[in-house]
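Here is the structure we will look at.
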Amino acid sequence: MLDSSTILLVDDEDAIRAGLAAALLRAGFHVVEARNGVEALSLVETHHPDVIAVVELPQLKARVTEHQGLTKVCPICQARTSGTFPAEVTQSVQYGPVLKATGVYLQDYQLIPFERTTEAIEIAAT
């Protein structure tokens, strides 16, 4: 029996998650709760659960951040000044750490095939 195991419980519905957590606690498990996949990924790093239970995987939502570099020329002295990008932006187009972590989570922890993971990420990005 896994009576002292840590279970990471993932569900976006508070009532469902609370009910399941209470039942698991009564059964002797240590329960860590997450509301979504992104939150679950950070909890995996800190709690190292023995079991990850995803009741329902909420829809993924991509957040797009665009950085535009501008160069301005002073009308008086003709000096050129260029803006800088954040240090983590090293390519003209790149994906952020949350998208990478979500892909790993879907494939490695949820065992979703690569093709389905790719489809889910493409849908989230549209």
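The values are calculated or read from the model by the stated rules, or taken from the named source; none is laboratory data. Fair warning: this is a prediction, and the values are worked out from it, not measured in the lab. We place every Cβ from the backbone using ideal geometry, glycine too, and count neighbours over all the protein chains shown.
Taken together, Gly83, Gly103, Gly96, Gly69 contain a single residue that is touching a Leu at 6+ places or on another chain (Cβ under 6 Å) and more than 20 Å from Leu9 (Cβ to Cβ), which is Gly83. Across the range 88-103, the qualifying residues are those that are among the small types (Gly, Ala, Ser) and either more than 21 Å from the chain's Cα centre (by Cα) or part of a helix (DSSP H, G or I) (or both), and the one among them that is surrounded by the fewest Cβ atoms within 10 Å (Cβ to Cβ) is Ser92. Look at (1) modelled with pLDDT of 90 or more; (2) assigned by TED's automatic domain parsing to the domain that holds Ile121; (3) closer than 28 Å to Ile121 by Cβ and you find that Gln110 fails only one, number (1).
If you go through the range 60-76 one residue at a time, do you hit one that is modelled with pLDDT of 90 or more, in a strand (DSSP E or B) and surrounded by 11 or more Cβ atoms within 10 Å (Cβ to Cβ)? The answer is no; no qualifying residue exists. Within the range 83-116, the residues that satisfy the criterion of being hydroxyl-bearing (Ser, Thr, Tyr) and either touching a residue at least 40 places away in the same chain (Cβ under 8 Å) or within 13 Å of Gly37 (Cα to Cα) (or both) are Thr102, Tyr105, Tyr109. Would you point out the residue of the range 20-54, among those that are within 22 Å of the chain's Cα centre (by Cα) and in a loop (DSSP other than H, G, I, E, B), that is farthest from Ala101 (Cα to Cα)? Checked the range 20-54; the qualifying residue farthest from Ala101 (Cα to Cα) is Asp50.
Mind listing just one residue for me: the one in the range 1-13 that is more than 19 Å from the chain's Cα centre (by Cα) and over 22 Å from Asp108 (Cα atoms) and, of those, modelled with the highest pLDDT? Taking the candidates together, the pick is Ser4.
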